[in-house]
Amino acid sequence: MAMAELGLKASYSKTHHRHLSLLSARCFPTKQRCAFGGLNNAHYYPTISSSLAPNQVQAQSVQSQEEVNSKHDDCFGVFCLTYDFKAEEETSSGKKLIKVAVSGAAGMISNHLLFKLASGEVFGPNQPIALKLLGSEKSFQALEGVAMELEDSLFPLLREVSIGIDPYEVFQDVEWALLIGARPRGPGMERADLLDINGKIFAEQGKALNAVASRNVKVIVVGNPCNTNALICLKNAPNIPGKNFHALTRLDENRAKCQLALKAGVFYDKVSNMTIWGNHSTTQVPDFLNARIDGLPVKDVIKDHRWLEEEFTEKVQKRGGVLIEKWGRSSAASTAVSIVDAIRSLTTPTPQGHWFSSAVYTNGNPYGIAEDIVFSMPCRSKGNGDYELVKDVVIDDYLRQRIIKTEDELLAEKRCVAHLIGEGSAICDLPGDTMLPGEM
Ligand SMILES: NC(=O)C1=CN([C@@H]2O[C@H](COP(=O)(O)OP(=O)(O)OC[C@H]3O[C@@H](n4cnc5c(N)ncnc54)[C@H](OP(=O)(O)O)[C@@H]3O)[C@@H](O)[C@H]2O)C=CC1
Ligand SMILES: O=C([O-])CC(=O)C(=O)O
């Protein structure tokens, strides 16, 4: 996309020293640094300024590498070159820069997701974006590499990349927080240990969001066990509406649609209204009762009901594990795609009669599911970032029985993290077969 199409306002400024010191305060303390992506290269500057009408051009800053290096000892390489845009003037569409935080930014899922976010595929082709990447001391160099690759991609919409290890800095004013970073379960590690280790990460990140993020930040928790991590996160962020927190079950929805399409011999865009109920674990319930193929109930199209009840359900529940066996690592690309789907489902109106799955906070749900947990359910959105639950779904005995099993599992996980959600001491009595989709 050409700069002129975006109506970028760019130019030199006498005030750039003041502006830079503001940046220093925000981006350079401890291990946080800033990169301005895509358009920040000095050699782009003449093109930018000459392509704009004089009244569009305002003074800002471009600096030589030497100039910046002499001012900031902790700045290095491409991150020292700055090309600053006034946030409120960034595109002719008048869209304000959207600030998106991504944790686990040096991990595999992020390696796919960040480039989709930066390209405009997620928030739209006229939406400038700032990416705020959260990593750890250990991954800091890798984060620098990620930021450099983002720069080298020259994405016109990517205006700012910052990297850091302190969530209180990285989450400042963010409107979306995509929480991917979490410790994987290692050999011999009990699920209770995983809940505790990862739970502590999400408790801290919840507190940080509560302190510094936009009051209407939308949070999508991906790091496993994602439902309970999301519960911990929201409980530690009392000033942010519980409704703003999601745990990702969109990958499970997509996997289920794919299996139904395969069995019915149709392309997968014919499969709709696919609810995943419950936990992102092997107790999840892919709901073929309410799903549709080409607008018809699935059971009218797929007559092999035994397959639906037994094979289909298990295939979806264990898809992650089968993939790990083949690939030697867990789904990364398709998870990134499903995060994009999840965001787009919240930012574009859901077509009439359709819905999507997301694990959300149960607080007055119409299905009789226990309150105060994060449970995957059917949702619709007007496209404003918010959602409502779908009321007209049927729950038969088969479905109810399975919903109760996944609900029991989530209630047990909740008891196991009581110490992290302000509910006293933890009592960990997890059902023996509790497993992530990636565990077999
Ligand atoms: N909900 C879903 O549908 C799915 C969820 N997942 C989950 O997503 C998460 C990320 O997967 P993926 O990107 O493939 O994993 P990676 O291992 O590639 O990256 C995860 C990142 O998590 C961070 N991390 C690891 N250990 C710790 C720790 N002890 N404390 C804090 N952060 C840690 C690391 O970042 P750093 O060192 O920078 O902190 C690492 O870069 C996993 O929990 C996985 O189980 C995966 C697929 C589907
Ligand atoms: O268990 C894992 O880490 C992978 C996972 O969630 C999935 O593939 O659905």
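The numbers here are math on the coordinates, done by the rules we state, and not lab data. All of these numbers come straight from a predicted model, not from anything done at the bench. Every residue, glycine as well, gets a Cβ built from its backbone with ideal geometry; the counts of neighbours run over all protein chains shown.
Structural remarks
- Applying the Karplus relation 6.51 cos²θ - 1.76 cosθ + 1.60 with θ = phi - 60° to region 329-334 yields 3J(HN,Hα) values of 7, 7, 3, 10, 4, 5 Hz, where x marks Gly and Pro.
- Residues Arg215 and Trp327, FRET efficiency given R0 of 51 Å [Cβ-Cβ distance, rounded to 0.05]: 0.80
- Using only alpha-carbon positions in region 155-295, the gyration tensor eigenvalues give semi-axes of 31, 20, 14 Å once each is multiplied by 5 and square-rooted (largest first).
- If R0 is taken as 45 Å, the Cβ-Cβ distance between Asp193 and Lys299 corresponds to a FRET efficiency of 0.60.
- Taking all C-alpha pairs of region 250-420, those more than 27 Å from each other amount to 23 percent.
- Phi angles across region 157-164 convert, under the Karplus curve 6.51 cos²θ - 1.76 cosθ + 1.60 with θ = phi - 60°, into 3J(HN,Hα) values of 7, 7, 9, 7, 10, 10, 10, x Hz, Gly and Pro given as x.
- Qualifying trypsin sites (Lys or Arg not before Pro) in region 372-440, where qualification requires a DSSP coil assignment and no more than 14 other C-beta atoms within 10 Å, comprise Lys382, Lys391.
- Among the GluC sites (Glu not before Pro) within region 281-374, those in coil by DSSP and having at most 15 neighbouring Cβ atoms inside 10 Å are Glu371.
- For region 222-279: Kirkwood Rh in Å [reciprocal of mean 1/r, alpha carbons]: 13.2
- Cβ crowding within 10 Å, taken as a proxy for footprinting-reagent exposure, orders Leu346, Leu260, Leu296 from fewest neighbours to most as Leu296, Leu346, Leu260.
- Within region 250-420: Cβ-based charge dipole about Cα centre, in debye rounded to nearest 20 (Lys, Arg +1; Asp, Glu -1): 460
- Among Phe267, Phe375, the ranking by other beta carbons within 10 Å of each residue's beta carbon, starting with the fewest, stands as Phe267, Phe375.
- Neighbour counts of other Cβ atoms within 10 Å put Met189, Met435 in the fewest-to-most order Met189, Met435.
- Whole-Å distance, taken between Cα centres, linking region 313-336 and region 262-277: 18
- Long-range amide H partners of Ile98 with built H, under 5 Å: Ile129, Ala130
- Close amide H pairs (under 5 Å, H built 1.01 Å from N) link Ser358 with Met377, Cys379, residues at least 5 positions away or on another chain.
- Loop-located GluC sites (Glu not before Pro) in region 164-199 (DSSP state other than H, G, I, E, B) with a sparse environment of at most 16 neighbouring Cβ atoms within 10 Å: Glu190.
- Fully extending the segment from Glu309 to Lys200, taken as 0.36 nm per residue of separation minus the present Cα-Cα distance, adds 35.5 nm.
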